[in-house]
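Below is one structure, written out as structure tokens; comments come after it.
The numbers here are math on the coordinates, done by the rules we state, and not lab data. Everything numeric here is computed off the predicted structure, so don't read it as measured data. Cβ: placed from backbone, ideal geometry, glycine included. Neighbour counts: every protein chain shown.
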Amino acid sequence: MNRIILNETSYFGAGCRSVIAQEAARRGFKKAFFVTDKDLIKFGVAAQVIHVFEANQIPYELYSDVKANPTIANVQNGVKAYKASGADFIVALGGGSSIDTAKGIGIVVNNPEFADVKSLEGVADTKHKAVPTFALPTTAGTAAEVTINYVIIDEEARKKMVCVDPNDIPAVAIVDPELMYSMPKGLTAATGMDALTHAIESFITPGAWAMSDMFELKAIEMIAQNLKAAVDNGQDTVAREAMSQAQYIAGMGFSNVGLGIVHSMAHPLGAFYDTPHGVANALLLPYVMEYNAESAAASKYIQIAKAMGVDTTGMTQAEGVSAAIESVKTLSLSIHIPQRLSEINVKEADIPSLAVAAFNDVCTGGNPRPTSVEDIEAIYRKAF
Ligand SMILES: NC(=O)c1ccc[n+]([C@@H]2O[C@H](COP(=O)([O-])OP(=O)(O)OC[C@H]3O[C@@H](n4cnc5c(N)ncnc54)[C@H](O)[C@@H]3O)[C@@H](O)[C@H]2O)c1
Ligand SMILES: [Fe+2]
């Protein structure tokens, strides 16, 4: 059996954030709880949405206590603020961090027995849908606006908790590339590589099937064609729009079929060192692709290479494997992604603890090659 869960309604295209007004009116919502982070206020991205609230006289309460790699406290403070606000829907604006925090808030408000947040880790048995949420991504990476996952740090346990819950999916996704124009080069590169990682990991996960493959191959193709252009010129409206769609398309697949150990290994780096999620994934992806090439997934690498733009005519499976890995490395280098863990302040002495945490991550179950703590440790050392 295959399952697919997507938003009720999604909008795409430059300027589409204006539909907040129609969607709120259509659903009878009166007041928004606006979740975003301080940098998005500083860079004027939040103002682009506040303009829609004000032009349409939609009352709103602003909540911006969200840090990149958000914590349990960010969710719990948000729950208190939501309850005090008198709002009846959430508008989440940001990268994965703000959208994930909003998902946690929306879930806990309607499922108060999970107020500790820790009990939401993994697949939680919530009974009620989250507060209805409109999600507007400002990065082209996580696809948090269309996924049934959110990722929150348990600081006490030094752990990134992946929470999987169909009740958290935003009712409405509003994918407006204009909200992404202000992303600096490094963030564009890292988040774009996060999207590529989603597409590749869920293309080779054992649960992949015809529909998810269709999404992931298209996402890989669009990212290969547009990511470098979006990094080189943040005002390239064609590349920005294509990346905004590609990351969403990747999300339609991975949210429903799962990921693999690139994500398992990236999560502890976020928990231990606050490494940006996209940087961690981008750096680890080629190493894990090499490792997973020794599994049944190897037969699909040639399709990855082709979607990356390689002429694969006449290639053997082994040549397809090399071509796929090389094309990912070439893209990564061309957008200045760091290539070694030692370059991003990872401590070699932590590798055994990182490997245990990665092995226990929810995403490990989706990896095409059965793995072990020892194997993961060896990949970290190779990437170091
Ligand atoms: N829910 C999911 O399915 C899912 C999937 C992958 C990752 N994640 C999680 O998402 C988080 C990462 O999200 P992210 O990579 O989108 O980044 P982010 O939300 O952590 O944002 C990083 C920084 O970039 C800034 N920023 C975001 N958009 C900007 C813009 N348009 N202009 C200028 N600055 C901008 C933010 O203010 C922040 O300071 C991690 O916690 C990760 O684990 C979630
Ligand atoms: Fe990711």
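Which value, in debye to the nearest 20, gives the size of the charge dipole of region 282-355 about its Cα centre, when Lys and Arg are +1 and Asp and Glu are -1 at the Cβ? Walk me through the numbers before you get to the answer.
Numbers: 5 positive and 8 negative charges, 32 e Å.
The calculation lands at about 160 debye.
If amide H atoms are built 1.01 Å from N in the plane of the peptide, which residues on other chains or at least 5 residues away come under 5 Å of the amide H of Tyr60?
Ala32
Note the full-extension length gain between Ser334 and Gln22 as 0.36 nm times their separation in residues minus their Cα-Cα distance, in nm to one decimal.
Details: separation 312, 0.36 × 312 = 112.32 nm, distance 4.15 nm.
Going from the current span to full extension adds 108.2 nm.
Convex hull over the alpha-carbon atoms of the chain: what's its volume per residue in Å³?
Numbers: hull volume 47.2 nm³, N = 384.
Cα convex hull per residue, to the nearest whole number: 123 Å³.
For region 244-384, take the convex hull of the Cα atoms, compute a quarter of its surface area, and give me that in nm², please.
Values: hull surface 34.2 nm².
Its Cα hull, projected and averaged over all orientations, spans 8.5 nm².
Nearest 0.05, what FRET efficiency do Phe384 and Ala68 give at R0 = 25 Å with Cβ-Cβ as r?
Values: r = 24 Å, r/R0 = 0.95.
Efficiency for this residue pair is about 0.60.
Among the lysines, which have Cα under 26 Å from the Cα of Lys300 when same-chain residues fewer than 8 positions away are ignored?
Within reach: Lys218, Lys228, Lys329, Lys382.
Hey, if you put +1 on the Cβ of every Lys and Arg and -1 on every Asp and Glu Cβ in the chain, which of Gly106, Cys163, Leu62 ends up farthest toward the positive end of that dipole?
Toward the positive end, the furthest listed residue is Leu62.
Per residue, what volume in Å³ does the convex hull of the Cα atoms of region 216-324 enclose? Spell out each step's value before the answer.
Working: hull volume 12.4 nm³, N = 109.
Convex hull volume per residue, Cα atoms: 114 Å³.
What do you get for GluC sites (Glu not before Pro) in region 268-345 restricted to DSSP loop and a cutoff of at most 14 other Cβ within 10 Å of the site's Cβ? Intermediate values should be presented prior to the final figure.
Numbers: sites: Glu290, Glu294, Glu319, Glu326, Glu343; in loops: Glu294.
For GluC sites (Glu not before Pro) across region 268-345 that sit outside H, G, I, E and B with at most 14 neighbouring Cβ atoms in 10 Å, the list reads Glu294.
Can you tell which of Ser342, Ser202, Ser64 shows the greatest fluctuation in a Gaussian network model of the chain with Cα springs below 10 Å?
Residue with maximal mean-square fluctuation among Ser342, Ser202, Ser64: Ser342.
Under a point-charge model restricted to the Cβ atoms of Lys and Arg (+1) and Asp and Glu (-1), what is the dipole moment magnitude of the chain relative to its Cα centre, in debye to the nearest 20?
Details: 30 positive and 42 negative charges, 116 e Å.
So the magnitude is around 560 debye.
Around Phe12, with a cut-off of 10 angstrom between Cβ atoms, what is the net charge of the other residues, counting Lys and Arg +1 and Asp and Glu -1? Let's see the in-between values first.
Details: positive: none; negative: Asp176, Glu241.
Around Phe12, the surrounding residues sum to -2.
Given C-alpha coordinates of region 178-234, what is the ratio Rg to Rh with the Kirkwood estimate of Rh?
Details: Rg = 12.7 Å, Rh = 12.0 Å.
That ratio is 1.06, to two decimals.
Can you tell me how much longer the chain between Lys42 and Arg3 gets when fully stretched, taken as 0.36 nm per residue apart minus their C-alpha distance, in nm with one decimal? Intermediate results must be reported in sequence, preceding the final value.
Details: separation 39, 0.36 × 39 = 14.04 nm, distance 4.00 nm.
Difference between extended and current length: 10.0 nm.
Could you compute the net charge surrounding Lys38? Neighbours are other residues with a C-beta less than 14 Å from the C-beta of Lys38; K and R count +1, D and E count -1.
Working: positive: Lys42, Lys67; negative: Asp37, Asp39, Asp65.
Residues close to Lys38 contribute a combined charge of -1.
Once amide H atoms are placed 1.01 Å from N in the peptide plane, what residues at a sequence separation of 5 or more from Thr138, or on another chain, have their amide H within under 5 Å of its amide H?
Amide H neighbours of Thr138, under 5 Å, 5+ apart: Gly94, Gly95.
Placing +1 at every Lys and Arg Cβ and -1 at every Asp and Glu Cβ, with all other atoms neutral, what dipole size does region 195-268 have around its Cα centre, in debye to the nearest 20? Spell out each step's value before the answer.
On the way: 3 positive and 7 negative charges, 15 e Å.
Computed about the Cα centre, the dipole is about 80 debye.
Which residues does a label at Lys347 reach in region 271-312, if reach means a backbone N under 11 Å from a point 7 Å past the Cα toward the Cβ?
Only 273 fall inside the zone, counting backbone N under 11 Å.
Give the relative contact order (percent, whole number) for the chain; include only Cα pairs under 8 Å separated by 6+ residues. Let's see the in-between values first.
On the way: 800 pairs, mean separation 60.1, N = 384.
That works out to 16 percent.
Under Stokes-Einstein, with the Kirkwood radius over Cα pairs standing in for Rh, what whole-number D in µm²/s applies to region 307-350 at 20 °C and 1.002 mPa s?
171
Taking a ≥ b ≥ c as the square roots of the eigenvalues of the Cα gyration tensor of region 1-142, is the shape rounded (a/c under 1.5), prolate (a/b larger than b/c) or oblate?
Details: a/c = 1.42, a/b = 1.30, b/c = 1.09.
The shape class here is rounded.
When the C-alpha atoms of region 115-199 are aligned to their principal axes, what extent does each axis show, in angstrom, from largest down?
37, 31, 22 Å, listed from the longest principal axis down.
Relative contact order for region 249-336: what percent, with Cα pairs under 8 Å and sequence separation of 6 or more? List each step's numbers first, then the result.
Values: 58 pairs, mean separation 18.8, N = 88.
Worked out over region 249-336, it gives 21 percent.
Restrict the search to region 145-213; then list the chymotrypsin sites (Phe, Trp or Tyr not before Pro) that DSSP places in a loop and that have at most 15 other Cβ atoms within 10 Å of their Cβ.
Working: sites: Tyr150, Tyr181, Phe203, Trp209; in loops: Tyr181, Trp209.
Passing sites in region 145-213 are Trp209.
Which loop-located trypsin sites (Lys or Arg not before Pro) does region 335-384 contain, where loop means any DSSP state but H, G, I, E or B and the Cβ has at most 12 other Cβ atoms within 10 Å? Show your work: numbers first, answer last.
On the way: sites: Arg340, Lys347, Arg381, Lys382; in loops: Arg340, Lys347.
Answer by residue number: Arg340.
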